[in-house]
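Working notes for the structure below.
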Amino acid sequence: MKRILLFILPILIIISVSFTIFGVFQVRSEEDRLTEDLKRKARAVAESMELSARHILANNDLRGAKRTVERFQKRERLQGCVIYDSKGAIYAVTERFSDWKEKDKPYLKYILENKAPRGAIEKFKNYTVYSYILPVLDDENNVVGLVEIIYDTSYVFTQLAQLWRRLSITLIILVVVILIIALFLQKQIFVSPVERLTEWFKHFQRGDIDAQHPIKEKGELGKLAREVEQVALGLRVARKTMTEEAQVRVEKEDLWTEAKLRDNIRAKLGENALFVVSNREPYMHVMDERSGAPRCVRPASGVVTAIDPIMRACGGTWIAHASGNADKKFVNSKNKLGVPPKDNRYILKRVWLSKAEEDGYYYGFSNEGLWPLCHITHTRPIFRESDWQAYKNVNQKFADNILEELPAKNAFIFIQDYHFTLLPKMIKEKRPDVTVALFWHIPWPNPEVFSICPYQEEILEGMLGCDLIGFHIQYHCNNFLDTANRLLESRVDTERFSVIRFGKETFVRAFPISVDDYMEGKDDQTYNEEMEKIRKEFDLKDKVVAVGVDRIDYTKGIVERVLAIDRFLQKYPEYKNKFVFIQLAAPSRTHIKRYHDLMGEIDELIEKVNWNHMEGDWRPIIYLKRHFSPEEISPFYRLADICIVSSLHDGMNLVAKEYIAAKRDLNGVLILSRFTGAAKELTDAVQINPYSREEFADSIKFALTMPESEKKRRVENMRKEIRENNVYKWAGNIISEITSLKKPDTYSATQT
């Protein structure tokens, strides 16, 4: 619409100006005509009265004079008549115009002296009139009196206003007609061909490349469409070749790398489009409080840590909630941008949520309901109907955003975590042809615990819309199968590890998530400089350093960790002034009361422990409470002699794997809660029960006194485990599982 306005605006301006000039001349011409007509009428009336006035004045017939002037009383436009004597005094005047006596009339003397008639527009009270005065002469050519005819001029201005109104209406109609014609021509000449070309591009982008483009004309747009069609053909051939080459490379390589994962996806999925869906976005733009400038940060999230390397390797589209306060400044018209910044590897599509939606869906149902329900940490889950409705609405909003991005066929949607339990079913109802997988990053409880949820059936039905559901460990898979079997009308196939409901089969598998080869981007000298800077800043020279890296969450066991350090220093006071624990803590979900209270509890506890054990400038615990980027965390991993992971319940916990991956010098000890998924793989860690304060304290002592050779043996074994089962293998196993599952053709409803 803007372009058409720019096109026709000059035309409209020219027409309007021309029409206005024409109108001015037309109105002036009409005004002159009406004025001249008025003068002619006034002169004719005055001349017709001259003889009667002479007789009246000659005979001093006052009664006759009054009868004569009163004849004008009822005329519509002729306001009145005045008869003057030879000295210019009013002899008789029309009654309705009697106030005319009060008007100053200096022109009468001139008329009497020169015996010449006079016509002019006169101002009278609040309006104007036309006055025509004719001298009355006797036979000797002497002035015996005057006759004045007074006309109302308002009708002249009324007719001129009507003329202007007609001209304005004509101009408006003309402009509207020109606009309609211009819009019609624009649609026929420009819009329709572009719309058809756009529709063809949409098919091409979605992969529906078998359809012919709809542009049939031989114009320039038709040529453009045919050229793009040739490009599409070339891309199809190139992709096919790349897929075959990728298959060969995958078979040759043993260790999973970024390149092998990329080749695996090309070999398994071919031209399929990869879509990742999560609540947390991998990159968020926030306004810097000090400088006021926007900056891009990576949020603290295990999901982001795991999925970002995969998307960097494979490309695709990541759809996530836009949570940064400057996010809108960096998206295009489709709410997309390339990430990572300055090295675009994949597309991030941001979904906007209102504050009410975020409160209900994220803070409410997801993190006050499902999170404590699945983590057995003795925090009571809270389920509100309003939160559930917001959760459903947001899942539908994400479904709509995903569906509009899907190609015509062969799409793979990889959904992350408990925020989107309803999403698989919503997608499958519209696009049953796409492949949908959900990875559950947190523990899955047993059926008795999950049955607490009042919306259990809707959640399970939504999840069973998936083709594949993944958990970190087999125990969580078993819990899910038991839950579906006991709480839902379904059939569990224990041989295929699948759930069949209403003819739809969903496979359940364990895929222990892992990390990339951590900190490959920097050389040792850079890390040594960063570690030396940390030592000086916190006075760590000749100190044994332990580190903890967590979001502030009641499932992470931070309180239990601090209490264990307190007990350790009580039992082994010889480590005072020799041992320092650094806790990197990212505030999280502070809108929720339980988290807000936890932050205060940790602050108070750390202050108390430091007060109890302080000696001079030494404090046993250094508490750094803010968001840390992976680049900021990495030198702390390299520096730390011990890493403490004391989660009370955790699906995996990637901090444990990040620490081991960072210890290239093999000099470190991992203290790991046995209630994490990582404990099933990292068996060489010092495993603890974080609820047992004595055991926890003794484990710290054990880690400090462990021989160097034993440390290196343990770390080397764990590094081998992580290297062989890294995040690329995790993603590759999921892709391979999806493409290799052989489903029976049909399952009747009676089988369920």
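Exposed (fewer than 14 other Cβ atoms within 10 Å of the Cβ), of a type in the set (A, V, I, L, M, F, W, C) and over 16 Å from K39 (Cβ atoms): which single residue out of A120, A89 fits that description? So that I can check it myself, show each step before the final result.
Working: A120 fails: over 16 Å from K39 (Cβ atoms).
Exactly one of A120, A89 is exposed (fewer than 14 other Cβ atoms within 10 Å of the Cβ), of a type in the set (A, V, I, L, M, F, W, C) and over 16 Å from K39 (Cβ atoms), namely A89.
For segment 251-268, check the following and say yes or no: at least one residue is small (G, A, S), at pLDDT below 55 and over 26 Å from L423 (Cα atoms). Steps first, please.
Residues of segment 251-268 that are small (G, A, S), as a first pass: 259, 267.
Checking which are at pLDDT below 55 leaves us with none.
Within segment 251-268, none of the residues are small (G, A, S), at pLDDT below 55 and over 26 Å from L423 (Cα atoms).
Could you tell me how many of the residues in segment 652-667 are at positive phi and surrounded by 23 or more Cβ atoms within 10 Å (Cβ to Cβ)? Break it down into steps so the answer makes sense when it comes.
Just the residues of segment 652-667 that are at positive phi, to begin with: 653, 666.
Checking which are surrounded by 23 or more Cβ atoms within 10 Å (Cβ to Cβ) leaves us with 653.
Within segment 652-667, residues that are at positive phi and surrounded by 23 or more Cβ atoms within 10 Å (Cβ to Cβ) number 1.
Could you tell me which residue of segment 666-705 is nearest to E716 (Cα to Cα), considering only residues that are hydroxyl-bearing (S, T, Y) and part of a helix (DSSP H, G or I)?
First pass over segment 666-705, keeping only residues hydroxyl-bearing (S, T, Y): 673, 676, 683, 691-692, 699, 705.
Now restrict to residues that are part of a helix (DSSP H, G or I): 699, 705.
Numbers: S699: 20, T705: 18 Å.
Per the stated criteria, the residue is T705.
Suppose we filter V655, V645, V715 for residues that are assigned by TED's automatic domain parsing to the domain that holds N528, of a type in the set (A, V, I, L, M) and more than 43 Å from the chain's Cα centre (by Cα); which single one remains?
On the way: V655 fails: more than 43 Å from the chain's Cα centre (by Cα); V645 fails: more than 43 Å from the chain's Cα centre (by Cα).
Checking each option against the conditions leaves just V715.
Any residue in segment 132-140 that is β-branched (V, I, T), closer than 29 Å to F97 by Cβ and surrounded by 11 or more Cβ atoms within 10 Å (Cβ to Cβ)?
Step one: list which residues in segment 132-140 are β-branched (V, I, T), which gives 133, 136.
If we keep only those that are closer than 29 Å to F97 by Cβ too, we end up with 133, 136.
Then drop every residue that is not surrounded by 11 or more Cβ atoms within 10 Å (Cβ to Cβ), which leaves 133, 136.
The answer is yes, given that some residue of segment 132-140 is β-branched (V, I, T), closer than 29 Å to F97 by Cβ and surrounded by 11 or more Cβ atoms within 10 Å (Cβ to Cβ).
Being in contact (Cβ under 8 Å) with a residue 60 or more places away in the chain, in contact with a helix residue (DSSP H, G or I) (Cβ under 6 Å, 6 or more places away or on another chain) and crowded, with 21+ Cβ neighbours inside 10 Å is the filter; apply it to segment 679-712 and report the residue that is farthest from K578 (Cα to Cα).
It comes out as P690.
Within segment 141-174, which residues are of a type in the set (V, I, T), surrounded by fewer than 14 Cβ atoms within 10 Å (Cβ to Cβ) and over 24 Å from R96 (Cα atoms)? Give the steps one after another, and end with the answer.
Taking segment 141-174 and keeping what is of a type in the set (V, I, T), we get 143-144, 147, 149-150, 153, 156, 158, 169-170, 172-173.
So of that shortlist, the ones also surrounded by fewer than 14 Cβ atoms within 10 Å (Cβ to Cβ) come out as 158, 169-170, 172-173.
Result: I169, T170, I172, I173.
Just for segment 263-303: of the residues that are out of contact with any His (no Cβ under 6 Å at 6 or more places or on another chain) and of a type in the set (S, T, N, Q), which one is nearest to V331 (Cα to Cα)?
Ranking the qualifying residues of segment 263-303, first place goes to S278.
Against the conditions (1) closer than 26 Å to A356 by Cβ; (2) of a type outside the set (V, I, T); (3) surrounded by 18 or more Cβ atoms within 10 Å (Cβ to Cβ), where does A326 fall short? Just the number, please.
Checking A326 against (1) closer than 26 Å to A356 by Cβ; (2) of a type outside the set (V, I, T); (3) surrounded by 18 or more Cβ atoms within 10 Å (Cβ to Cβ), the one that fails is (3).
Where the second residue is loosely packed, with under 12 Cβ neighbours inside 10 Å and among the aliphatic types (A, V, I, L, M) and the first is within 19 Å of P135 (Cβ to Cβ) and lies in segment 58-71, which pairs have Cβ atoms under 6 Å and are six or more apart or on separate chains?
Hits for this filter: zero, empty list.
Consider only pairs whose beta carbons are under 7 Å apart and that are at least six residues apart or on different chains; among these, list those whose first residue lies in segment 620-633 and is in contact (Cβ under 8 Å) with a residue 24 or more places away in the chain and among the hydroxyl-bearing types (S, T, Y) and whose second residue is crowded, with 17+ Cβ neighbours inside 10 Å and in a strand (DSSP E or B).
From segment 620-633, the pairs are Y623/Q583; Y623/A585.
Name every residue in segment 498-509 that is buried (at least 16 other Cβ atoms within 10 Å of the Cβ) and touching a helix residue (DSSP H, G or I) at 6+ places or on another chain (Cβ under 7 Å), in order of residue number.
Scanning segment 498-509 gives V499, I500, V508, R509.
Any residue in segment 105-127 that is of a type outside the set (G, A, S) and within 60 Å of the chain's Cα centre (by Cα)? Step through it out loud before you land on a result.
Applying the first criterion (of a type outside the set (G, A, S)) to segment 105-127 yields 105-115, 117-118, 121-127.
Now narrow it down to the ones that are within 60 Å of the chain's Cα centre (by Cα): none.
No, because not a single residue in segment 105-127 is of a type outside the set (G, A, S) and within 60 Å of the chain's Cα centre (by Cα).
The values are calculated or read from the model by the stated rules, or taken from the named source; none is laboratory data. This is a predicted model, so every value here is computed, not measured. Neighbour counts are summed over all protein chains in view; Cβ atoms, including those assigned to glycine, are modelled from backbone coordinates with ideal geometry.
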